[in-house]
């Protein structure tokens, strides 16, 4: 048995590896195959496989196989620069139009973003494995029941998608529950968010295929799961489509993995279930109209979709990385170092001029609203050594902004509708930051020195 290496063009994700491996395994002379999304495959076979037949099988997915040594993707500064511009533009677009996913707020726009991610994922090759399962199970059913009506032949599609939607909803809730166990504190939540954000960035870079070094740095379900599901696709029993659809939650897909990690950081069963439900619903149109989609999105178009999707995932990763820094307090410490010297040098003994802070009977009264987009206002200037009455009016308390964390006092306040009060006295000058439970919405108190200091 000889080992042969083949170059494969068009690969860019873990799902590609599964499809390529299955194409080679259909050859009777192939004993073992290991594909790598970087663009090559190692094949152990008794004789030379029929490459023409393999290419015919893979043509529908936009791949092409040719003999030769594995070639690593070349690093292109020009291409990297162009993609970085796309990432920055995507980041600014999310910020400008408030498209940053805020799944715990319950806003339609945020769930709409997740739905759109499902639409995009459905026309990338990551969904090709799922689509391949659907085609296989429906074909097997049609061959077993050749006299069925068109509606009866369509039933496997319905059961497959029902199983998929239910699985994503239930298991999304399970992942969210697991996140709630891990999120023992603001700092721990921040660490989990940072790790998940780095994973999202790596997944995005892998989709962009600009740094080959990241090709093996992905945490994903074992590849044999995908192969086992494909092998089971030949089962013609009535329940098979439902359970195969449910099993797609574990298939390798950068979009699914990114959202699973995102849900983990949210730490909420309802958020996890709703997020994955909306994503699975977003993939439905393409799965239902599978024939039209797979015939249109191939080759260069498929690569373009992967590039845009990768840029979006990287941008979201950087955004969430910032939230993680807020939760761990690192951002606050950096800002405090910047502000401390300025405060000591220029603000000692100066009267406070903050319209949102008033002095009433020797108490500094601070007023703030909790609204849909966070805290308003969210920056205050107070004096050290003088009692503070922080009056927080809950206007919109249906998101993560309703869980206010104040690290300086080691306090977490659950904001209800109406007036909520926190009282404290700052003991020294500097910054006293606060933020929501997920680090998305932030604010701070700038504490000036006591007049008598």
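Read the figures in this text as sums done on the coordinates, not as results from a lab. These numbers were taken from a predicted model, which means no experiment stands behind them. A quick note on method: Cβ atoms are made from the backbone with ideal geometry, for glycine too, and the neighbour counts reach across all protein chains shown.
Each of 57, 283, 411 has some number of other Cβ atoms within 10 Å of its Cβ, and from fewest to most they run 411, 57, 283. Pairs of Cα atoms in segment 388-453 fall into 10 Å distance bins, from 0 up to the last occupied one, in shares of 20, 51, 23, 6, 0 percent. Here 5, 382, 403 are placed in order of increasing Cβ neighbour count within 10 Å, fewest first, which gives 5, 403, 382. Its residues counted as N, segment 2-67 yields a C-alpha radius of gyration over 2.2 N^0.38 Å of 0.95.
In a fully extended conformation the segment linking residue 9 and residue 198 would gain 65.3 nm over its present Cα-Cα distance, using 0.36 nm per residue.
With a Cα-only, solvent-free Debye model of segment 345-448, what are the log10 I(q)/I(0) values at q = 0.14, 0.22, 0.23 Å⁻¹? Taking Cα atoms of segment 345-448 as identical point scatterers yields -0.50, -1.18, -1.28.
For 365, 165, the sequence from fewest to most other C-beta atoms within 10 Å is 365, 165.
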